[in-house]
Amino acid sequence: MEYFLEQLINGITLGSIYGLIAIGYTMVYGIIGMINFAHGDIFMIGAMISLIAILALGLTASASFALLLLALILVLAIAMILASAFNWTVERVAYRPLRGSFRLAPLISAIGMSIVLQEFARIAQGGRPKPMQPLLSGGFELMHRTTEAGDFIVRISTIQIIVIVTTLALMALFTALITRTSLGRAQRSCEQDMKMASLLGIDVNKTISITFVMGASLAAVAGLMFFLRYGVIDFYIGFVAGVKAFTAAVLGGIGSIPGAMLGGLVIGLIEVFWSAYFSVEYKDVAAFAMLAVVLIFLPQGLLGKPEVEKV
Amino acid sequence: MASPLLTIRGVETFYGKIQALKGIDLDVNEGEIVTLIGSNGAGKSTLMMTICGTPRCRTGSIRFGEADITQTPTHEIIRLGIAQSPEGRRIFPRMSVLENLQMGAAVTDPKYFDEDLARAFKTFPILEKRQSQRGGTLSGGEQQMLAIARALMARPRLLLLDEPSLGLAPLIVKQIFEVIRELNAKQGLTVFLVEQNAFHALKLAHRAYVMVNGRITMSGTGSQLLASPEIRAAYLEGGAH
């Protein structure tokens with residue numbers, strides 16, 4: 001039971017990070033119908049920028065908790081802004097000129113941009129993994145039981161709390177933004193009928209750019225969280241996390257934001273539980289097998305919308 | 001009725017290699033209702049869309065008031081004061097009726113919203129009943145009303161209506177044409193109306209054009225065209241009435 005609880009917390013943490021990345025995939029797919037394969041690498045860029053900012057600010061675990069938290073918010077802001085600038089540029093340079101071209105063109109261009117970002121990070125920051133001492137070490141004991149084999153303690157670390165709380169807060173914020181504001185309405189209108197949106201005075205290109213910026217800022221949040229939680233990053237983390245998050249987006253129903261979050265959680269939980277109870281080697285097989293099963297029985301994904309409309 | 005609001009000169013539009021508009025000259029003056037009639041595939045809807053810059057004309061010029069809008073981006077043309085209720089209605093299917101109307105008001109000052117919404121609901125009471133329903137679940141007639149109401153939410157100087165009578169019961173058609181006449185008479189709204197339902201359109205309009213195969217073949221006042229034997233033979237008799 002304790003072991004289960006502990007793995008559950010780990011799974012939710014990992015799933016939150018996947019979910020944050022998956023939202024970027026799903027929003028971009030929703031609005032222009034393409035998979036931005038470079039999105040995972042935007043996550044990597046966000047993590048790298050976080051690392052650089054942390055080092056530049058000279059943050060260490062010895063600082064007080066309040067100061068650390070404040071500094072991390074600053075780091076987050078920097079990472080979000082710069083990652084957004086990267087993603088905005090990628091869209092402007094590599095996707096927008098291909099809009100209206102055949103469907104595969106922007107997809108190929110996206111794979112190209114993925115390689116560009118990876119190689120850029122490798123050349124600029126070196127290829128070696130970058131470890132770091134944990135900045136935040138504290139946590140809470142949720143359960144403590146003494147057995148013959150020794151004490152069994154279920155802990156939730158400060159970082160895990162930060163990851164989960166931040167994710168929940170961002171989810172709430174983004175849901176409100178999409179469903180209640182005129183910006184969100186403009187985005188949804190472009191999703192449903194781009195030409196009509198422009199006939200109502202919506203600047204479609206600007207709306208698409210904003211979507212890329214929003215996705216990138218969430219990926220940057222995920223980047224910082226990933227770095228804080230796992231303590232090591234390299235130029236290649238974007239690929240694996242990107243594939244997982246993309247899977248999460250498809251699993252949840254591509255185009256649906258709650259679906260992306262749910263998909264992220266499911267993938268994270270499967271991965272963690274499979275590693276815990278079966279074998280670490282096959283955790284990815286388990287996650288992708290789950291995707292296959294869901295797509296066979298629910299081709300629209302868990303929360304995807306079936307396309308039935310009166311015309 | 002002196003000053004021209006919309007001036008179209010020598011406009012040619014292509015879809016790939018196919019030429020849909022073959023040199024259109026057309027004027028809509030401030031405060032007028034002008035109608036364009038013609039059979040299916042004549043290029044009427046293409047002209048409507050070309051005015052809004054999507055697709056763009058290959059040659060010719062389009063002026064709106066003082067501005068040359070031939071190369072202006074679509075969303076900026078709309079912001080100048082043109083609203084369109086397009087062919088096929090194009091209601092956002094996964095948005096509520098209210099949200100569709102909010103989209104219509106995207107270019108206006110939010111302070112007008114409540115007033116405009118009340119007017120839209122007064123004009124089309126069914127929309128008020130359906131306001132939280134998704135656009136895609138409305139019947140064809142309700143969608144048509146929503147499309148017109150959405151266009152009006154933009155407070156346009158020029159309203160482009162593409163076949164507002166399509167798929168509607170005769171009673172509702174009458175009602176919609178009455179609304180158009182009233183908006184024109186009371187608020188001085190300029191209307192450019194594309195119709196296959198030539199009889200109603202010609203009765204409503206101050207002036208009219210006839211389009212055949214991407215060319216304007218006739219023009220005159222509504223009553224002149226109504227009286228013309230060619231028009232009667234081609235568009236009125238044995239059909240609409």
Open item on the list: Name the residue that is nearest to the other protein chains (Cβ to nearest Cβ), counting only residues in the stretch B:39-53 that are assigned to a loop (DSSP other than H, G, I, E, B) and surrounded by 16 or more Cβ atoms within 10 Å (Cβ to Cβ).
Closed with: B:C52
- [ ] With the checklist (1) surrounded by fewer than 21 Cβ atoms within 10 Å (Cβ to Cβ); (2) away from chain A (no Cβ under 14 Å); (3) among the charged types (D, E, K, R); (4) under 25 Å from A:G100 (Cβ atoms) in hand, flag the one item B:R9 doesn't pass.
- [x] (4)
Task: Out of A:S137, A:S109, A:S101, A:S114, sole residue that is closer than 23 Å to A:G19 by Cβ and among the small types (G, A, S) - done: A:S114
- [ ] Note down all Cβ pairs under 6 Å where the first residue falls in the stretch A:180-207 and is more than 9 Å from every other protein chain (Cβ to nearest Cβ), the second is surrounded by fewer than 21 Cβ atoms within 10 Å (Cβ to Cβ) and not hydroxyl-bearing (S, T, Y), and they're at least six residues apart or on different chains.
- [x] A:G184/A:L177; A:G184/A:I178; A:C190/A:V204; A:M194/A:V204
TODO: Kindly indicate whether B:A149 is within 13 Å of chain A (Cβ to nearest Cβ), in a loop (DSSP other than H, G, I, E, B) and crowded, with 18+ Cβ neighbours inside 10 Å.
DONE: no
Task: Criterion violated by B:L160 - all others in (1) away from chain A (no Cβ under 14 Å); (2) in a strand (DSSP E or B); (3) under 21 Å from B:G81 (Cα atoms) satisfied - done: (1)
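Listed here are the residues, each with its yes/no results for (1) crowded, with 24+ Cβ neighbours inside 10 Å; (2) touching a residue at least 12 places away in the same chain (Cβ under 8 Å); (3) assigned to a helix (DSSP H, G or I).
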{"site": "A:Y3", "(1), (2), (3)": "no, yes, yes"}
{"site": "A:G11", "(1), (2), (3)": "no, yes, yes"}
{"site": "A:I21", "(1), (2), (3)": "yes, yes, yes"}
{"site": "A:L67", "(1), (2), (3)": "no, no, yes"}
TODO: Considering only the stretch B:126-149, state which residues are touching a residue at least 60 places away in the same chain (Cβ under 8 Å) and out of contact with any strand residue (DSSP E or B) (no Cβ under 7 Å at 6 or more places or on another chain).
DONE: none
- [ ] State which residue is farthest from the chain's Cα centre (by Cα) when the search covers only the stretch B:62-87 and only residues that are surrounded by fewer than 20 Cβ atoms within 10 Å (Cβ to Cβ) and of a type in the set (G, A, S).
- [x] B:A67
TODO: Report whether or not A:P258 is closer than 26 Å to A:I73 by Cα and surrounded by fewer than 19 Cβ atoms within 10 Å (Cβ to Cβ).
DONE: yes
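Read-outs: derived from the displayed coordinates by stated rules, not from any lab. This one's a predicted model, so the numbers in the text were calculated from it and none came from an experiment. FYI the Cβ positions are ideal-geometry reconstructions off the backbone, even for glycines, and counts take in every protein chain you see.
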